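First the structure, in the form of structure tokens, and then the observations on it.
Since every read-out is calculated from the coordinates, none of them should be taken as a lab result. Treat the numbers as computed from the prediction; the structure is a model and nothing was measured. So basically every Cβ, Gly included, is an ideal-geometry build from the backbone, and we count neighbours across all protein chains shown.
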Amino acid sequence: MKRPATSGANDRSARVERLRASRAKDSEAKTRRALDAVDGLLRSGRRITVTQVAREAAVSTWFVYNQPQVHRAVQDGITTQREQGRQNSTVPEAQQVSPAGLRTDLALAREEIKDLKKERDRLRNRVRLSLGTELDGVNHSELIQRVQQLEQRNTDLDKELSVARGRVTALEERLRETEDDLTAARAGLRRAMRAVPSP
């Protein structure tokens, strides 16, 4: 005996509702972890980036970019660190950094660029694969909104990539300057030691 059509529709609705509730719960947990990660990075003084927050919270960078509350917290954290760094900096930059520290920052910045490129490429592939399917199920206004969201996300990724590249360039320049200063200081020390008369 066949079940009534309404029973099948009710089962589907119930499954869809359970799936929605599960996704919402998962999203809340990820959001909480990401916000905690931002707070932890702020408290520890470690540099806040989208990639670092994603790693700390065990979420994707896509989630950080596309969850408004998390993305806003990351941007606020970056701004806070930038402002506090300027306000609290009492030691000249040349004395705060070492070649090893700069090399570490440079490696981290390069790793972030790689992650951003991977994320950008993944999003582009996802758009290519899913856009055709989405065209069948959305109306014109929803499609325009979706395209605008994707364009905005791509713009954000490009900005993040540009900032990271600028940071790499600045770090490379600072590393060269620091190594030059270190070489000059060593040469000056050797000259001073030779100038000291023997007892």
**Item:** Spin-label pair ASP11/ARG126, simplified geometry with 7 Å Cα→Cβ offset, distance in nm
**Value:** 3.2 nm
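Ranked highest first by the average count of other Cβ atoms within 10 Å around their residues, in what order do 149-159, 185-195 fall? List each step's numbers first, then the result.
On the way: 149-159: 13.6, 185-195: 9.1.
Descending packing order for the listed peptides: 149-159, 185-195.
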**Prompt:** Quick one: Karplus J couplings for region 34-39, per residue in order, coefficients 6.51, -1.76, 1.60, θ = phi - 60°, nearest Hz, x for Gly and Pro?
**Reply:** 5, 5, 5, 5, 4, 4
**Message:** I need the phi-derived Karplus couplings for region 168-176: 6.51 cos²θ - 1.76 cosθ + 1.60, θ = phi - 60°, integer Hz, Gly and Pro marked x.
**Reply:** 4, 4, 5, 5, 4, 5, 5, 5, 4
**Fill in**
Once phi for every residue in region 13-18 is put through the Karplus expression 6.51 cos²θ - 1.76 cosθ + 1.60 (θ = phi - 60°), the whole-Hz ³J(HN,Hα) values, with Gly and Pro written as x, are 4, 5, 5, 4, 5, 5
